[in-house]
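J.: One structure coming up, written as structure tokens, with questions to follow.
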Amino acid sequence: LYHGRIQFPTDYPFSAPTIMFLTASGRFQTNTKVCLSVTAYHPEHWQPAWGARTMLIAIRDHFNVEDKGAIGYVSMSTEDRRQIAKESRLF
């Protein structure tokens, strides 16, 4: 169970929102803007037809992708990520 923040710009849906995690996940840094094509980090990829559901699906899918040094990602072992996942319920 992870908590985050989606900040929509005043001209949404014509500009992308920013997304940050508040809960440690072992995948994304906390209080750091997430670098995905559905976020303001990559405005050149943003599509106004994308909604909050699309963004949440994209984030969920990135939990299963290796980080490979991307901005905002955290490199941890599977065992450490499982431990953080258990602890996330206490947040």
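J.: Looking at D67, D61, can you tell me which residue is assigned to a loop (DSSP other than H, G, I, E, B), at pLDDT below 90 and open to solvent by less than 80 Å² (accessible area, probe 1.4 Å)?
T.: Of D67, D61, the one residue that is assigned to a loop (DSSP other than H, G, I, E, B), at pLDDT below 90 and open to solvent by less than 80 Å² (accessible area, probe 1.4 Å) is D67.
J.: Further question on the same structure: Is it fair to say K33 is modelled with pLDDT under 90, touching a strand residue (DSSP E or B) at 6+ places or on another chain (Cβ under 9 Å) and either surrounded by fewer than 12 Cβ atoms within 10 Å (Cβ to Cβ) or more than 25 Å from K86 (Cβ to Cβ) (or both)?
T.: Here the answer is yes, as K33 does meet what is asked.
J.: Return the residues of segment 1-29 that are in contact with a Ser or Thr (Cβ under 7 Å, 6 or more places away or on another chain), closer than 28 Å to M76 by Cα and open to solvent by 20 Å² or more (accessible area, probe 1.4 Å); say none if nothing qualifies.
T.: Selection gives L1, Y2, H3, Q7, T18, M20, L22, A24.
J.: Which of the residues belonging to segment 70-91 are modelled with pLDDT of 75 or more, of a type in the set (G, A, S) and open to solvent by 80 Å² or more (accessible area, probe 1.4 Å)?
T.: Selection gives nothing.
J.: What is the number of the single condition among (1) closer than 16 Å to F91 by Cα; (2) among the charged types (D, E, K, R); (3) assigned to a loop (DSSP other than H, G, I, E, B) that R5 does not meet?
T.: That leaves (3) as the condition not met.
The values are calculated or read from the model by the stated rules, or taken from the named source; none is laboratory data. All figures in this text were calculated on a predicted structure; none of them were measured in a lab. Backbone-built Cβ (ideal geometry, glycine too); neighbour counts: all protein chains shown. Ligands, DNA and RNA are excluded from the accessible area calculation, which covers all protein heavy atoms including side chains. Shrake-Rupley method; radii C 1.70, N 1.55, O 1.52, S 1.80 Å.
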